[in-house]
């Protein structure tokens, strides 16, 4: 439930309602995050979008406790959040991060999908927007290592501490909950 993923949902909901959308939008977050939203999801839940799109929820903790990956099996793709980035992964050095848990999540949930499945991460830092399971299993410089090597790499990244991470925001406002 890092702020970069959820703080805009209230504004987005307001904008959609003002644009004439007759169906109030819903915010969705993992139960494991401990945050509030209109819909809380857990491992194995299936979200229906319209009559044809079905998205399965996989719990992929490690970057945070509440990280999830959304899998669209019909269209052979997954949205990995911060668990798996293109040739990288979410950091594990703050707010519920655990390198060992992240490694297990990626290998047991995301890398168990067919190699041709397209993966869309929450962030892109190098100009790429999509990868595949097979590409990441072959070329990801962190996750192609053993679990022990991965944990050591993650413990020694020495990344700058995020400037706004300790800014307090009431949990009920973070996800944009409103009385509708």
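Derivation of every value follows stated rules applied to the coordinates shown; laboratory data play no part. What you are looking at is a predicted structure, and each value in this text was computed from that prediction instead of being measured. Positions of Cβ are generated from backbone atoms using ideal geometry, with glycine treated the same way; all protein chains shown enter the neighbour counts.
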message: Sort 102, 113, 53 by Cβ crowding within 10 Å, fewest neighbours at the top.
response: 53, 113, 102
message: I want to verify a result. In a Gaussian network model of the chain, Cα cutoff 10 Å, which of these has the top mean-square fluctuation: 127, 66, 34?
response: 127
task: Going by C-beta contacts inside 10 Å, put 112, 51, 30 in order with the fewest on the left.
output: 51, 112, 30
- prompt: Of all DSSP beta bridges located in the chain, what percent are antiparallel, nearest 5?
  reply: 65 percent
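Quick one: compute the contact order of the range 1-137, relative version, from alpha carbon pairs under 8 angstrom and 6+ residues apart, as a percent. It would help to have the intermediate numbers written out before the result.
On the way: 248 pairs, mean separation 22.6, N = 137.
Result for the range 1-137 is 17 percent.
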query: So what is the relative contact order of the range 79-137, in percent, for Cα pairs below 8 Å that sit 6 or more residues apart?
result: 43 percent
- request: Using a 10 angstrom cutoff on alpha carbons, build the Gaussian network for the chain and name the most mobile of 135, 160, 149.
  value: 160
message: Among [x] 0.97; [y] 1.06; [z] 3.23, only one was calculated for this model; which label is it, if the read-out is Cα Rg over 2.2 N^0.38 Å?
response: [y]
task: Take each of the peptides 103-111, 115-123, average the number of other beta-carbon atoms within 10 Å over its residues, and list them starting from the highest.
output: 103-111, 115-123
- line: Only helices counted: for the chain, with every DSSP H run of 4 or more residues adding -39500 (n - 2.57) and the sum spread over all residues, [θ] at 222 nm is -5500 deg cm²/dmol
- request: Enter the angle in degrees (range 0 to 90, nearest 10) between the Cα long axis of helix 9-18 and the first principal axis of the Cα atoms of the chain, meaning the one along which they spread out most.
  value: 40 degrees
- request: Take the Cα of residue 155, step 7 Å along the line toward its Cβ, and report every residue of the range 85-106 whose backbone nitrogen sits under 18 Å from that point.
  value: 91-104
message: Under the 0.36 nm per residue contour assumption, what length would be gained going from the current alpha-carbon distance of residue 76 and residue 18 to full extension?
response: 17.5 nm
query: In a GNM of the chain with a 10 Å cut-off on Cα contacts, which of 147, 14, 36 has the highest mean-square fluctuation?
result: 14
